[in-house]
Amino acid sequence: DSSLSSSIYAMLLLFVLSSPKIRFRKLYLSALADIFLLTFARGAYVAMFMALMVWALQKKLILPTLLVIAFSCVLLVGIPKPTGEAGRLLRTSTIEARLADYQEALIVWSKHPLFGVGYNHIRDVKISGYAKQVGVEGVNHAGAGFQNTYLVMLATMGVVGLIAYIAVLTAWWQSSVGMRPIITFLGVYSVFDNILLHPHVLFVATVIMLLQIGLH
């Protein structure tokens, strides 16, 4: 899964970038950056740009960071792409599918705006006829969520849950300066896919936080 893999590679990349005490740091950065680019996850690219800007502001290295980003963009255009839809960086089909998905989430939320329909109840609500998921036939994994973490929280826990969730992210941001690039990446990428609620992503983020405490 490109969303999950790109998230994990990005967190590891940002962790190594923010940890100068790691041995063979440049080698790890080069390898992780190459692997990350090869995921061809456009939402991850946008999120990484924002995360690198946060890191650059912290380190006061804005110009060198912009030069690296520009070089990466040139490299991304030039490297061979996989055949099929996944390799087309200018594709619009996934954008249209996400917009339909977001619209459906808002329809579900509109029925229970304050407290939502309850976490892990999205599949039941969709089957009951609240909203029709575009492009999905029958009952499958795609029918159990939405491709936006904030809309998942809004639909399942309402305005109250979304406010509480954002408050937790804000507290996390304020309490951990070293984690801010990673928090930025996850926060931005969660607009394009439901990343922040993925157990593997949360596990890796927790491990990185513990490692940062140990290294600092």
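Values for this structure:
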| quantity | calculated |
| --- | --- |
| Simple spin-label estimate for Trp173 and Leu210 in nanometres, 7 Å along Cα-Cβ | 2.7 |
| At 1.002 mPa s and 20 °C, Stokes D of segment 162-216 from Kirkwood alpha-carbon radius, µm² per second | 183 |
| Surface share of carbon and sulfur [accessible, 1.4 angstrom probe, percent] for segment 24-131 | 71 |
| Linear extension gain, Ile127 paired with Ile69, 0.36 nm per residue minus alpha-carbon span | 16.5 nm |
| Diffusion coefficient, µm² s⁻¹, Stokes-Einstein with Kirkwood Rh over alpha-carbon pairs of segment 1-122 at 25 °C and 0.890 mPa s | 145 |
| Net dipole in debye of the chain [+1 Lys, Arg Cβ; -1 Asp, Glu Cβ; about Cα centre; nearest 20] | 680 |
| Dipole-positive endmost among Val74, Trp109, Ile95 within the chain (Cβ charges, Cα centre) | Val74 |
| The chain: relative contact order as a whole-number percent, Cα under 8 Å and 6+ apart | 28 |
| Full-extension gain in nm, Thr92 to Ser2, via 0.36 nm per residue minus C-alpha separation | 30.7 nm |
| Accessible area (Å², 1.4 Å probe, nearest 10) - Tyr119 | 120 |
| Segment 29-77, accessible area per residue, ligands and nucleic acids excluded (1.4 Å, Å²) | 55 |
| Within segment 1-58, trypsin sites (Lys or Arg not before Pro) in DSSP loop having at most 13 other beta-carbon neighbours inside 10 Å | Lys21, Arg23 |
| For q = 0.17, 0.18 Å⁻¹, Debye-computed log10 I/I(0) when each Cα of the chain counts as one equal scatterer | -1.23, -1.31 |
| Enclosed volume per residue, in Å³, of the convex hull spanned by Cα atoms of segment 45-101 | 91 |
| All lysines inside 22 Å of Lys59 as judged from Cα atoms, apart from same-chain residues fewer than 8 positions distant | Lys21, Lys26 |
| Reachable lysines from Lys126, criterion Cα separation under 19 angstrom, eight or more residues apart if same chain | Lys111 |
| Highest-fluctuation residue, Gly161, Gly78, Gly145 considered, GNM on the chain with Cα pairs under 10 Å | Gly78 |
| Cα-projected label distance for Val160 with Arg23, points at 7 Å along beta-carbon direction, nm | 5.3 |
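The values are calculated or read from the model by the stated rules, or taken from the named source; none is laboratory data. From a predicted model like this one, the values you see are computed outputs, not experimental measurements. Quick reminder, even Gly has a Cβ in these numbers, built from the backbone with ideal geometry, and neighbours come from all protein chains shown. These accessible areas exclude ligands, DNA and RNA; they are computed on the full protein's heavy atoms, side chains included. Shrake-Rupley method; radii C 1.70, N 1.55, O 1.52, S 1.80 Å.
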